[in-house]
Amino acid sequence: MAESQNNGEGALPDENEPLMEEVSPDVAPVVEEFMEQAAQQNEAAVEAVPDVRNKPGSYISFDHVSKSFGGFVVLEDVSFCVNPGETLCILGRSGVGKSVSLQMIMGFLKPDSGVIRVAGENICGYTEKELQEVRRKVTMVFQNGALFDSITVGENVAFPMRERGDMEEDQILKVVKGLLEMVGVAGMDHLLPSDLSTGMKRSVAIARALAAQPEAVLYDEPTTMVDPLMAHLLGNLIERLKQQLHLTSIVVTHDMRLAKKLADRVVFLSGGKAVFFGTMEEMERSDDPTVQEFLTLDELVMPA
Ligand SMILES: Nc1ncnc2c1ncn2[C@@H]1O[C@H](COP(=O)(O)OP(=O)(O)OP(=O)(O)O)[C@@H](O)[C@H]1O
């Protein structure tokens, strides 16, 4: 298994370093054009979200959403939203429905009641075919990467571009090379996913997500179960994608440091409810006892 993203040559990229600086000169023009095209699509997508009372509408929203499994209530009357280009962190202890929320946005699960809007449209009654269109706009980075095990890393990243069928093969190979460089796994295109560490699989999953030119990315626990250096690298990568590509993002995490770094707003789930929705600073000032308990426990586990 490959051990580390950084081979010891040079410093780790910091959160302000331009992503394009990682990309080799031979592929940079093609990658730049690809990213520019994605940015333009994103701007068009933002404009397509209907205004609400003359203000730009949310890109993704939960409106009074409830979800139970059997008699077990996971979410009850939960509302939150994320605006275009913003990052929302979903926080909460284990089992409060964070992953279930992401699965409902992707249309893998349906709410029992309430409305979920993605790209401004109510997706709750959507057919599987319509949901596939939604999944072209919103892509998810799973904890384990969810890469196709039987094909190489390069083929995984090429997959969304080949599926779309609008690019020449030599362009696809250049974009694959550039995206892998950008996410810190340069030159690993020929390896199989099983050759990679958990953190590297996540990096490749992020490259594959970018290859789909999405309007929004959902990250499920991106820094969990990796060593602190890898968690730092992945956190910085997501921060750079946020700052430089202005992708609408939702990040499910227990990691308060990551949330502080990334979140424009946070929603805190507890006991089936969204007990807090607002900025991180507002959350820190919240007098809700469950919020305070979560923040206190975090300080005990992760002293600043
Ligand atoms: N498809 C399903 N069928 C039945 N129960 C489910 C299903 N998916 C999730 N659950 C239950 O819903 C609850 C919330 O699960 P979820 O995975 O969203 O938690 P989470 O907040 O993401 O927790 P963690 O931080 O541990 O990943 C759990 O009790 C889980 O067992």
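For the stretch 203-278, the strands (runs of 3 or more DSSP E) that sit wholly inside it and include 1 or more residues that are surrounded by fewer than 18 Cβ atoms within 10 Å (Cβ to Cβ) are 273-278.
If only residues of the stretch 107-121 that are within 13 Å of the ligand (Cβ to nearest atom) and among the hydrophobic types (A, V, I, L, M, F, W, C) are counted, the one that is surrounded by the fewest Cβ atoms within 10 Å (Cβ to Cβ) is PHE108.
Scan the stretch 87-100 and tell me whether some residue there is hydroxyl-bearing (Ser, Thr, Tyr), within 14 Å of the ligand (Cβ to nearest atom) and at pLDDT below 95. Steps first, answer last, please.
The initial filter retains those residues of the stretch 87-100 that are hydroxyl-bearing (Ser, Thr, Tyr), namely 87, 94, 99.
Narrowing further to those that are within 14 Å of the ligand (Cβ to nearest atom): 94, 99.
In the following step, the residues that additionally are at pLDDT below 95 were identified as 94, 99.
There is at least one residue in the stretch 87-100 that is hydroxyl-bearing (Ser, Thr, Tyr), within 14 Å of the ligand (Cβ to nearest atom) and at pLDDT below 95.
Of everything listed in (1) within 29 Å of PHE268 (Cα to Cα); (2) touching a residue at least 24 places away in the same chain (Cβ under 8 Å); (3) of a type outside the set (Ser, Thr, Tyr); (4) away from the ligand (no atom under 16 Å from the Cβ), the single unmet condition for LEU147 is (1). Scanning the stretch 64-86 for residues that are farther than 18 Å from VAL266 by Cβ and either away from the ligand (no atom under 12 Å from the Cβ) or of a type in the set (Ser, Thr, Tyr) (or both) yields HIS64, SER66, SER68, GLU76, ASP77.
Scanning the stretch 49-79 for residues that are surrounded by 15 or more Cβ atoms within 10 Å (Cβ to Cβ), of a type in the set (A, V, I, L, M) and at pLDDT below 90 yields one hit, VAL49.
The values are calculated or read from the model by the stated rules, or taken from the named source; none is laboratory data. Source: prediction; values computed, not measured. A quick note on method: Cβ atoms are made from the backbone with ideal geometry, for glycine too, and the neighbour counts reach across all protein chains shown.
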